[in-house]
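The values are calculated or read from the model by the stated rules, or taken from the named source; none is laboratory data. Just so you know, these numbers come straight off a predicted model, no measurement behind them. With ideal geometry, Cβ positions are generated from the backbone for all residues, glycine too; neighbour counts draw on all protein chains shown. Side chains included, ligands, DNA and RNA excluded: accessible areas come from the protein's heavy atoms. Shrake-Rupley method; radii C 1.70, N 1.55, O 1.52, S 1.80 Å.
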Amino acid sequence: MTNKMLKFVDLARAMPEKRSVDTRRADFGEIYEEYDPIAAKAQASRCSQCGVPFCQVHCPLHNNIPDWLMLTAEGRLREAYEMSQATNNFPEICGRICPQDRLCEGNCVIEQAGHGTVTIGSVEKYITDTAWEEGWVEPVKPPQERPQSIGIIGAGPAGMAAAEELRRKGYQAHVYDRYDRVGGLMIYGIPNFKLEKEVVEKRSDLLTRGGVQFHLNSDVGGALGFAELRERHDAVLIATGVYKARDIKVPGVGLDNVFAAMDFLTASNRKGLGDAVPAFDDGTLNAAGKAVVVIGGGDTAMDCVRTAVRQGAKSVRCLYRRDRKNMPGSQREVANAEEEGVEFVWLSAPEAFLGDGKVEAVRAQRVHLGMPDATGRQMPQILENSSFTMEADMVIKALGFDPEDLPQLFDTPGLDVTRWGTVKTDFATMMTNLDGVFAAGDIVRGASLVVWAVRDGRDAAEQIHRHLQAKADSAAVAAE
Ligand SMILES: Cc1cc2nc3c(=O)[nH]c(=O)nc-3n(C[C@H](O)[C@H](O)[C@H](O)COP(=O)(O)OP(=O)(O)OC[C@H]3O[C@@H](n4cnc5c(N)ncnc54)[C@H](O)[C@@H]3O)c2cc1C
Ligand code: SF4
């Protein structure tokens with residue numbers, strides 16, 4: 001049993017025997033492990049320093065995990081921090097929200113030997129949280145300023161990591177975002193109980209102090225043209241993420257109180273940030289006292305169900321057309337949601353949303369998993385005469401995201417995209433088919449993870465640097 005689960009068991013022990021979702025909500029705070037120096041040392045010293053560090057191989061940033069665990073075990077925290085931040089721009093963020101069970105910790109040799117993983121993410125978070133407290137985290141100080149500027153579209157983790165790395169090399173980094181805050185999905189998508197907003201805000205302040213220039217409320221393709229941005233800068237990085245919510249085509253989808261996941265999560269996050277959110281205050285986007293049904297089985301669905309629990313929903317159900325083992329979301333998140341009282345209705349698909357003006361129930365059908373399709377996943381097949389109905393005062397659609405139509409939005413039909421609408425880049429150089437235009441993060445990969453966005457942002461910064469240097473070199477040769 002992991003320490004996180006132990007913490008939950010302790011909470012559960014302190015709770016009354018018969019618990020409804022809303023009577024438990026007051027007990028939920030942040031749920032990752034909080035370490036003190038002794039616990040962090042004890043955990044770090046469990047690392048066996050195995051010859052082949054599978055944890056490092058399976059970390060998208062190839063963090064030097066065994067070495068910083070050893071330094072932590074020896075109490076050399078500042079050195080551990082220096083080593084950890086050398087490969088990761090936001091270690092305290094990844095430590096909190098990486099699905100470690102699928103990445104570093106899932107490949108820990110001790111875990112595979114059946115003794116429970118070294119809790120790498122929590123140690124990583126502890127090291128960097130300590131570094132912040134001790135004042136070791138400092139803005140980048142480029143050794144020399146370069147005149148070239150780079151326009152970065154998107155202030156999510158990919159854009160932020162790229163901006164920091166470009167500043168490190170002395171470039172002028174300008175980040176444009178259509179939102180009013182820096183952080184992308186880390187600020188308005190991922191809920192506060194997984195990633196406190198102050199943690200993201202501290203990072204954006206640090207970038208500003210390091211010379212990154214943010215241009216917020218700047219919608220590229222809207223008031224600010226893509227062509228104009230290309231004119232303004234020596235290179236452009238597209239790091240816009242994926243935001244077009246997939247919809248569901250069933251009768252009743254237009255009823256009131258049927259919402260897209262991002263509307264629900266953004267309202268909750270804005271409220272937490274102290275913004276005026278009338279649609280939350282008047283109860284529209286607030287799950288308190290409601291029977292909530294979330295449709296979908298990914299991490300966004302898990303965030304919706306767990307947010308609804310924390311808002312005091314009367315009941316929370318998650319309707320998913322496949323079974324537990326075929327869910328795309330992290331198994332750890334599913335286990336957490338179950339511990340919090342969420343009911344999973346597996347192998348079920350919505351047939352209609354019922355109600356008079358406002359949703360009152362969801363009619364669903366049972367599903368059987370049939371033969372695998374071309375991707376190898378078993379195809380869900382509706383079972384005849386299997387309809388059933390469940391109460392719902394609020395329905396949240398969490399069916400995933402697709403990219404916006406960027407060639408159209410940017411009025412640049414020549415920008416190559418894949419058949420899924422993600423931006424096509426050269427595998428090695430990360431450049432699109434447009435000279436000097438690069439792309440990184442979810443807009444290239446499709447909906448992915450923060451740690452991959454950080455990796456892409458770092459790699460893109462390096463590729464932009466090489467591109468600008470090559471251009472400068474050829475200009476110098478031409479001038480000779
Ligand atoms: C609800 C939810 C929960 C998640 N939970 C996790 C998790 O626990 N762990 C994890 O690792 N990952 C999680 N993810 C995924 C993770 O958030 C993304 O993979 C990551 O944020 C992608 O980074 P990005 O920089 O590519 O894009 P984003 O974070 O989406 O940032 C893109 C930015 O570009 C801006 N933008 C877009 N278009 C324009 C334009 N035309 N002009 C100007 N600005 C523009 C947007 O406003 C946004 O700020 C979650 C995602 C969601 C939706
Ligand atoms: S960045 Fe993520 S995958 Fe890599 S060590 Fe940290 S928690 Fe693990």
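Of all the residues that make up region 186-203, how many are more than 22 Å from ALA447 (Cβ to Cβ), touching a residue at least 60 places away in the same chain (Cβ under 8 Å) and either open to solvent by 50 Å² or more (accessible area, probe 1.4 Å) or within 11 Å of ligand 1 (Cβ to nearest atom) (or both)?
So the answer is 1.
Only one residue in GLU105, GLU145 is touching a residue at least 12 places away in the same chain (Cβ under 8 Å), touching a helix residue (DSSP H, G or I) at 6+ places or on another chain (Cβ under 7 Å), farther than 19 Å from ILE190 by Cα and among the charged types (D, E, K, R). Which one?
GLU105
Hey, ASP456 hits all of (1) near ligand 1 (Cβ under 9 Å from one of its atoms); (2) of a type in the set (Asp, Glu); (3) surrounded by fewer than 15 Cβ atoms within 10 Å (Cβ to Cβ) but one; which does it fall short on?
Condition (3) is where ASP456 drops out.
Could you grab the pairs with beta carbons closer than 6 Å, sequence gap of 6+ or different chains, first residue in region 324-341 and under 14 Å from GLN100 (Cα atoms), second one among the charged types (D, E, K, R) and surrounded by fewer than 20 Cβ atoms within 10 Å (Cβ to Cβ)?
Note: pairs meeting the criteria are ARG332/ASP101.
Within region 425-480, how many residues turn out to be in contact (Cβ under 8 Å) with a residue 40 or more places away in the chain, part of a helix (DSSP H, G or I) and within 16 Å of ligand 2 (Cβ to nearest atom)?
Final tally of qualifying residues: 9.
Of all residues in region 76-111 being within 12 Å of ligand 1 (Cβ to nearest atom), in a helix (DSSP H, G or I) and aliphatic (A, V, I, L, M), which is most open to solvent (accessible area, probe 1.4 Å)?
So the residue we want is ILE97.
Any chance region 352-370 includes a residue that's among the aliphatic types (A, V, I, L, M), free of Cβ contacts under 8 Å to residues at least 40 places away in the same chain and either under 28 Å from THR284 (Cα atoms) or buried (at least 17 other Cβ atoms within 10 Å of the Cβ) (or both)?
yes
More than 8 Å from ligand 1 (Cβ to nearest atom) and under 21 Å from SER268 (Cα atoms): does that describe GLU164?
No.
Pick from ARG310, ARG324: which is modelled with pLDDT of 95 or more, open to solvent by 30 Å² or more (accessible area, probe 1.4 Å) and either within 16 Å of ligand 2 (Cβ to nearest atom) or under 22 Å from the mean Cα position of the chain (by Cα) (or both)?
It is ARG310.
Just to be sure before I move on: is SER387 away from ligand 1 (no atom under 16 Å from the Cβ) and open to solvent by 40 Å² or more (accessible area, probe 1.4 Å) in the structure I sent?
yes
Looking at ASP393, ASP303, ASP299, which one is within 16 Å of ligand 2 (Cβ to nearest atom) and closer than 20 Å to PHE259 by Cα?
ASP299
Counting only residues that are of a type in the set (D, E, K, R) and farther than 13 Å from ILE238 by Cα, which one in region 406-434 is most open to solvent (accessible area, probe 1.4 Å)?
The qualifying residue most open to solvent (accessible area, probe 1.4 Å) is ARG419.
Can you tell me which residues in region 222-246 are open to solvent by 10 Å² or more (accessible area, probe 1.4 Å) and either farther than 30 Å from ILE295 by Cα or within 16 Å of ligand 2 (Cβ to nearest atom) (or both)?
Correct list: GLY222, ALA223, LEU224, GLY225, ALA227, GLU228, ARG230, GLU231, ARG232, HIS233, ASP234.
Which members of region 290-305 meet the condition of being surrounded by 24 or more Cβ atoms within 10 Å (Cβ to Cβ) and part of a helix (DSSP H, G or I)?
Hits for region 290-305 are THR300, ALA301, MET302, ASP303, CYS304, VAL305.
Based on this model, can you work out whether GLN463 counts as of a type in the set (S, T, N, Q) and either more than 26 Å from GLY170 (Cα to Cα) or open to solvent by 60 Å² or more (accessible area, probe 1.4 Å) (or both)?
no
What pairs come up if the first residue lies in region 204-233 and is within 11 Å of ligand 1 (Cβ to nearest atom) and modelled with pLDDT of 95 or more, the second is part of a helix (DSSP H, G or I) and not β-branched (Val, Ile, Thr), and their beta carbons are under 7 Å apart, counting only those six or more places apart or on different chains?
Pairs that qualify, where the first residue is within 11 Å of ligand 1 (Cβ to nearest atom) and modelled with pLDDT of 95 or more and the partner is part of a helix (DSSP H, G or I) and not β-branched (Val, Ile, Thr), are VAL220/PHE226; VAL220/LEU229; GLY221/LEU409.
So that you can scan it fast, the table gives a plain yes or no per residue for (1) within 13 Å of ligand 1 (Cβ to nearest atom); (2) over 25 Å from MET379 (Cβ atoms):
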residue	(1), (2)
VAL253	no, no
ASP275	no, yes
GLY298	yes, no
ALA301	yes, no
LYS314	no, yes
ASN336	yes, yes
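GLY183 - would you say it is within 8 Å of ligand 1 (Cβ to nearest atom), closer than 24 Å to GLU333 by Cβ, in contact (Cβ under 8 Å) with a residue 12 or more places away in the chain and open to solvent by less than 10 Å² (accessible area, probe 1.4 Å)?
Judged against the criteria, GLY183 is a match.
Condition first: closer than 14 Å to ALA398 by Cα and either assigned to a strand (DSSP E or B) or in contact with an Asp or Glu (Cβ under 8 Å, 6 or more places away or on another chain) (or both). Now tell me which residues in region 243-256 satisfy that.
If the condition is that a residue be closer than 14 Å to ALA398 by Cα and either assigned to a strand (DSSP E or B) or in contact with an Asp or Glu (Cβ under 8 Å, 6 or more places away or on another chain) (or both), then TYR243, LYS244, ALA245, ARG246, VAL253 are the ones that fit.
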